[in-house]
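Read the figures in this text as sums done on the coordinates, not as results from a lab. Because the structure is predicted, anything quoted here is derived from the model rather than measured. Positions of Cβ are generated from backbone atoms using ideal geometry, with glycine treated the same way; all protein chains shown enter the neighbour counts.
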Amino acid sequence: MKTRKSLFEFFLLFCFFFCMSYPCIAQDYDILIKNARVFDGSNKPEFRSDVAIKDDIIVKVAKSIIGNAKKTIDAGGLHISPGFIDMHTHADIGMRHLENRPCLNFLKQGVTTIVAGQCGSSAWPIFENAENQIKRWTDEGIGPNVALLVGHGQVREIVMGREEDREPSSEELEKMKTLVKEAMQQGAYGISTGLEYTPGFYGKTEEVIELVKVVAPYNGVYHSHVRYESHAIDDKLKLIEAIEEAVKIAEQTGVPTNISHLKVSGKRNWGLARELCAVIEEARDNNVKITADQYPFRFGGGHPYFPLIPRSAWIGKENNGGLSSSDIEEIFDHLRDSKLIDLYKKTHTRNIPITEQHEQYLNNLPRKRLVQLVSQSVVNLSNLQGSVNARERMLFLKRMENSEEAENIRKKVVEYINESAASGNAGPENCYITHCSDKNLEGKTLKEIAEIKGKSIADAAIELDLMGARGTNKQYGEDDIEYIMKKNYVATGSDGIAPFYGIGLTHIRSYSTFLQKIKKYAMERKTVSIPHVIRSQTSLPAQIMNFDDRGWIREGYKADIVVLDLKNIDNRASISNPHQYCTGVEYLLVNGTLILDKGEWTGALPGRVLKPKKP
Ligand SMILES: [Zn+2]
């Protein structure tokens, strides 16, 4: 009897200490999402489920989960999906500044992971070594997760300079390979090229193959902004050739290759998506590892806001007239390096202090490049030219008084609107006025405005330009966008940036890519199903990038989750007013931490710089 009593006392004592060491009601989960309709990352239809999260992991996905949680989200009437993965961004540039680290423009679209360092241009390895950048972002916190690529253009610039239109010597090639290798060792996911830009364009296929081969032993990937992408508006064959080059690189290196922002520029090329996709599909049928990404807009990024009168018609001669960029560079060339750097500091990105590494980078630049950079930073040439320049304006109006001269100007304006690269040769019906002193005209096409005013296209364009208006154009055809979107190997990539909120002109893709694709193309136009869109921005990019623990609502996966209110999606960013956050994301979890709560930022910065698994 005595023994039984002491056993009972011992049991009570045990219970007491157990309760002391744990809170009385132990929490089973950190976050419990109840009653959700789940898109799991596949292209299968939604299903009803609860989802439980502990730490940064999805620990349970089941019809009904009973248990305690620190926070319960009732997702009745809402949908959940794996957090969106943005395959293609240039966010690393803006994220150098502390105030842009949250990347709210991405979070508000439901994006939880971004891939940065695209189009051959990365912070790596020029601005600072990657380890410093990664450490700083890790210590100070970032909004979404980031996966970084090393840019071919940067590597080439550091070894060969920016203007070298030639093949590298074998020694230079070895140096470039070493830089790529170092980046891979420091945690890059792969390499990107911008074969249409300086200096990437100077790199021939063989050079790219040699550098892409370096990432193979690290299970790296290759992202290609292909050659001639936007500069082939008059030459279909060049566009096809550019895709074939990407296929060749994929074939010869065995490295999974992704074609960035796949699209067809220039109205005369519209319809070409079928041929471009056929090249990709033939390669895929032959087991070449090749995929693509896309942003769902008809507006391009290259010449987003152009004047409506071409320069030659404005000044009345073929050469530039007035100040050219080399004139301005010449003025700055008389200054000492230290003065140049001082001026750069004062004018660069609205006086935000530059980092020590950035200053070191400026100090190490070739003199010519430094002068170029500083003169561009200090003097915005477009502010000295065009209708804002009183003298140029007066001379232009004088020329318009001469009827023969005026006819000539009108002809040039029409040609420019219909034929030029700036206009994507898309014509007045695709030329949209983005900014104008008459706000009522913003968002209308040049054709519409000409009709309203009862004027010819040329006269309407001239009048608008004199009012300081700027235009942009729908240079991609809807049919091509939809054709590409339907492909099961095409992921979503915004090509967006981490902008200073509210400042400057920017493409709306930075603000509304992911919800635009769901709302416009799945819910309204029904081009594709919602699960198809979800897959293209979750499990497909995860697969392409080798993120093996993200992109799915599945037990054991990282808790990157977006809770969507489909009926309240509003993509508010517009071409005239691009700095507008989307609505429709009710909650957002990054690595199991609530970062958007009822649509608002919680202040958390739980993103991580992702590191690839060692092969
Ligand atoms: Zn690009």
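In terms of modelled amide H atoms, which long-range or inter-chain residues lie less than 5 Å from the amide H of GLY151?
Close amide H contacts, sequence-distant or interchain: SER122, TRP124, SER192.
Considering only the other residues whose Cβ falls under 13 Å of the Cβ of TYR587, what net charge follows from Lys and Arg at +1 and Asp and Glu at -1?
Numbers: positive: LYS34, LYS71, LYS108, LYS598; negative: ASP74, ASP560, ASP565, GLU586, ASP597, GLU600.
Within the 13 Å Cβ shell, the charges total -2.
Using the count of nearby Cβ atoms within 10 Å as a rough guide to exposure, how do HIS261, HIS97, HIS90 rank from fewest to most? Let's see the in-between values first.
Values: HIS261 24, HIS97 16, HIS90 21.
Final ranking by Cβ density, sparse to dense: HIS97, HIS90, HIS261.
Give me the lysines in straight-line cross-link reach of LYS447: C-alpha distance below 24 Å, same-chain residues under 8 apart excluded.
LYS267, LYS411, LYS412, LYS439, LYS455, LYS474
Calculate the FRET efficiency for GLU482 and THR138 from the Cβ-Cβ distance with a Förster distance of 56 Å, rounded to the nearest 0.05. Intermediate values should be presented prior to the final figure.
Values: r = 40 Å, r/R0 = 0.72.
Result of the calculation: an efficiency of 0.90.
Tally Lys and Arg at +1 and Asp and Glu at -1 over the other residues with C-beta under 13 Å from the C-beta of TYR489: what net charge comes out? Intermediate values should be presented prior to the final figure.
Details: positive: ARG284, LYS289, LYS486, LYS487, ARG535; negative: GLU281, GLU282, ASP285, ASP293.
Cβ neighbours under 13 Å give a net charge of +1.
For the pair ASP342/SER574, report the inter-label distance in nm, with labels modelled 7 Å from Cα in the Cβ direction.
My value for the distance between the label points is 4.6 nm.
What order, most packed first, do the peptides 556-562, 364-370, 420-426, 190-196 have when packing is the mean number of other Cβ atoms within 10 Å of each residue?
On the way: 556-562: 25.1, 364-370: 14.1, 420-426: 22.9, 190-196: 27.0.
Output ranking for 556-562, 364-370, 420-426, 190-196: 190-196, 556-562, 420-426, 364-370.
Quote to one decimal, in nm, the extra length available between VAL378 and MET400 on full extension: 0.36 nm per residue of separation minus the C-alpha distance between them.
Values: separation 22, 0.36 × 22 = 7.92 nm, distance 3.30 nm.
Between VAL378 and MET400, full extension yields an extra 4.6 nm.
Nearest 0.05, what FRET efficiency do LEU505 and ARG48 give at R0 = 35 Å with Cβ-Cβ as r?
Details: r = 44 Å, r/R0 = 1.26.
After rounding to 0.05, the efficiency reads 0.20.
Is the C-alpha gyration tensor of the chain telling us rounded, prolate or oblate? Criteria: a/c under 1.5 is rounded; beyond that, a/b larger than b/c is prolate, otherwise oblate.
Values: a/c = 1.91, a/b = 1.65, b/c = 1.16.
Judged from the Cα gyration tensor, the chain comes out prolate (a/c at least 1.5, a/b above b/c).
Of TYR222, TYR581, TYR501, how do they rank once you tally other Cβ atoms within 10 Å and put the fewest first? Before the final figure, lay out the partial values.
On the way: TYR222 28, TYR581 19, TYR501 13.
With the sparsest Cβ surroundings first, the list reads TYR501, TYR581, TYR222.
Just to verify a number: FRET efficiency for LYS368 and THR72, C-beta to C-beta distance, R0 = 60 Å, to 0.05? Let's see the in-between values first.
Details: r = 61 Å, r/R0 = 1.02.
The calculated FRET efficiency here is 0.45.
Among 443-455, 206-218, how do they line up from the highest to the lowest mean number of other beta-carbon atoms within 10 Å? Write out the running numbers ahead of the final one.
Numbers: 443-455: 16.3, 206-218: 19.8.
Highest-to-lowest ranking by the protection proxy: 206-218, 443-455.
How would you order 113-122, 291-300, 473-482 from highest to lowest mean count of nearby Cβ atoms within 10 Å? Don't skip to the answer; put the middle values down first.
Values: 113-122: 28.4, 291-300: 24.5, 473-482: 20.9.
Averaged packing, sorted descending, gives the order 113-122, 291-300, 473-482.
To the nearest 20 debye, what is the magnitude of the charge dipole of the chain about its Cα centre, counting +1 on the Cβ of each Lys and Arg and -1 on the Cβ of each Asp and Glu? Please list the in-between numbers first.
Details: 79 positive and 80 negative charges, 396 e Å.
It works out to roughly 1900 debye.
Looking at the stretch 111-195, which trypsin sites (Lys or Arg not before Pro) are DSSP coil and have at most 15 other C-beta atoms within 10 Å of their C-beta?
Working: sites: LYS135, ARG136, ARG156, ARG162, ARG166, LYS175, LYS177, LYS181; in loops: ARG162, ARG166.
Those that pass, being in a loop and sparsely packed, are ARG166.
Which order do VAL414, VAL51 fall in if you start with the one that has the fewest other Cβ atoms within 10 Å?
Details: VAL414 17, VAL51 28.
The fewest-first ordering by Cβ neighbours comes to VAL414, VAL51.
Could you list which residues have their amide H under 5 Å from that of LEU564, counting only those 5 or more apart in sequence or on another chain, with H placed in the peptide plane?
Residues meeting the amide H criterion: HIS79, ILE80, SER81, GLU586.
About the Cα centre of the stretch 324-378, what is the dipole size in debye to 20, counting +1 per Lys and Arg Cβ and -1 per Asp and Glu Cβ, all else neutral? Spell out each step's value before the answer.
Numbers: 8 positive and 8 negative charges, 24 e Å.
The calculated dipole for the stretch 324-378 is roughly 120 debye.
State whether the stretch 169-323 is rounded, prolate or oblate according to the following rule on the C-alpha gyration tensor (a ≥ b ≥ c being the square roots of its eigenvalues): a/c under 1.5 gives rounded; otherwise a/b larger than b/c gives prolate, and the remaining case gives oblate.
Working: a/c = 2.40, a/b = 1.48, b/c = 1.62.
Because a/c hits 1.5 or more and a/b fails to exceed b/c, the stretch 169-323 counts as oblate.
With the dipole of the chain worked out from charges on the C-beta (+1 for Lys and Arg, -1 for Asp and Glu) around the Cα centre, which of SER42, TYR521, TYR344 lies farthest toward the positive end?
Of the options given, the answer is SER42.
What helices does the chain hold that run 27 Å or longer along their axis, going by alpha-carbon atoms, with a Kyte-Doolittle average of -0.5 or more, using DSSP H for the helix calls?
Span-like helices, by this rule, are 2-21.
Which one of ASN364, GLY584, GLY220 has its Cα pushed farthest toward the positive end of the charge dipole of the chain, where Lys and Arg give +1 and Asp and Glu give -1 at the Cβ?
Comparing the listed Cα positions along the dipole, GLY584 ranks first.
For the stretch 324-378, build the charge dipole from Cβ charges (+1 Lys, Arg; -1 Asp, Glu) around the Cα centre, then report which of SER324, PRO353, VAL378 sits farthest towards its positive end.
It is PRO353.
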